1. Which helices of the chain meet both criteria: a Cα extent of 20 Å or more along the helical axis and a mean Kyte-Doolittle score no lower than -0.5, with helices taken as whole DSSP H segments?
2. Gaussian network model of the chain, Cα springs within a sub-10 Å range: biggest mean-square fluctuation belongs to which of T204, T184, T136?
3. For H166, H243, what's the fewest-to-most ordering of other Cβ within 10 Å of each Cβ?
4. Read phi for every residue in the stretch 150-161 and hand back ³J(HN,Hα) as whole Hz from Karplus 6.51 cos²θ - 1.76 cosθ + 1.60, θ = phi - 60°, with x for Gly and Pro.
5. Once amide H atoms are built 1.01 Å from N in the peptide plane, which residues 5 or more positions from V56, or in another chain, come under 5 Å H to H?
6. For the stretch 110-156 and the stretch 73-102, what is the separation of their Cα centres, given in Å?
7. For the residues V202, V190, V72, what sequence is obtained by ranking on other C-beta atoms within 10 Å, fewest first?
8. Compute a Gaussian network model of the chain, connecting alpha carbons closer than 10 Å, and tell me which residue from P92, P209, P153 fluctuates the most.
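No value in this document is a laboratory result; all are computed from the given coordinates. Everything numeric here is computed off the predicted structure, so don't read it as measured data. Positions of Cβ are generated from backbone atoms using ideal geometry, with glycine treated the same way; all protein chains shown enter the neighbour counts.
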Amino acid sequence: MTCLEPTVPVSPAAHQPSQVRIALVLPQLVGGYGDRGNAVVLVQRLRWRGIGCELVEVTGATPVPSDCDVYVVGGAEGGGQLTAARRLRADPGLSRAVARGATVLAVCAGFQLLGTGFAGPDGTMHPGAGLFDAVTRPMPRRAMGEVVVDPAPGLGIRAITGYENHAGATRLGPAAGPLGRVVTGVGNGVDDVEGAVQGRLVGTYLHGPVLARNPDLADLLLGWATGHRLAPLVLEEIEALRHERLRHRPVTT
Ligand SMILES: NC(=O)CC[C@H](N)C(=O)O
């Protein structure tokens with residue numbers, strides 16, 4: 001349970017006692033596609049601002065702690081997703097954390113399994129953890145490729161990019177709103193929307209890792225978790241990559 005070592009100098013204030021606890025949930029089961037990088041990004045952006053943090057890796061050997069500030073769940077294929085769903089349904093830690101206002105980022109399989117139900121690899125439906133009002137059924141054709149999303153206006157963030165690789169289509173119920181509208185790609189595969197926002201829970205199909213590609217989204221989550229808007233942190237390389245990925249986007253923001 002340590003902060004990761006930064007790759008750029010951090011301010012001395014970063015060595016103050018832990019303040020923000022970030023849980024990486026079952027990465028051995030749902031941590032494919034580099035999605036554990038989302039937790040690394042959150043830690044790093046806190047450290048760059050001199051905010052103390054702690055990365056808690058939840059491996060399943062111990063119960064899911066309910067006292068973390070942010071929970072990160074990643075993508076997976078096959079059995080890992082089913083096992084993770086079973087564990088998170090049996091373990092109340094995450095739902096207790098959500099009930100007291102914790103922030104969650106769930107990607108692809110993680111998003112699906114935190115819904116009310118999802119299709120397994122053979123198309124059989126399985127119960128999810130029920131944190132998102134969303135159900136995932138098989139899609140006629142696998143969605144693969146780059147995605148650009150216009151975020152829901154209330155989020156106040158710039159266009160989101162990432163890549164998708166999934167066979168499930170997710171329909172949102174009334175308690176969940178979309179993360180945004182698909183400009184390029186498939187996203188949820190229903191109603192031209194991508195992902196979900198429900199309270200402080202964000203679900204998305206986007207890998208990248210999505211928070212490495214979209215610092216605004218990372219800071220939105222950290223703002224929810226810390227309770228205040230964080231100081232701007234603009235990194236030229238990230239902006240240059242964003243520009244590159246949005247080059248062929250049909251609309252400008
Ligand atoms: N990339 C993923 O996490 C895939 C999730 C799920 N197995 C699907 O194909 O829909």
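1. Correct list, ordered by number: empty.
2. Highest fluctuation among the options: T184.
3. Taking fewest neighbouring Cβ atoms as first place, the list is H243, H166.
4. 8, x, 3, x, x, 6, x, 10, 7, 3, 9, 10
5. I22, A23, L24
6. When both Cα centres are located, 14 Å separates them.
7. Ordered by Cβ neighbours within 10 Å, fewest first: V190, V202, V72.
8. Answer for the Gaussian network model of the chain: P153.
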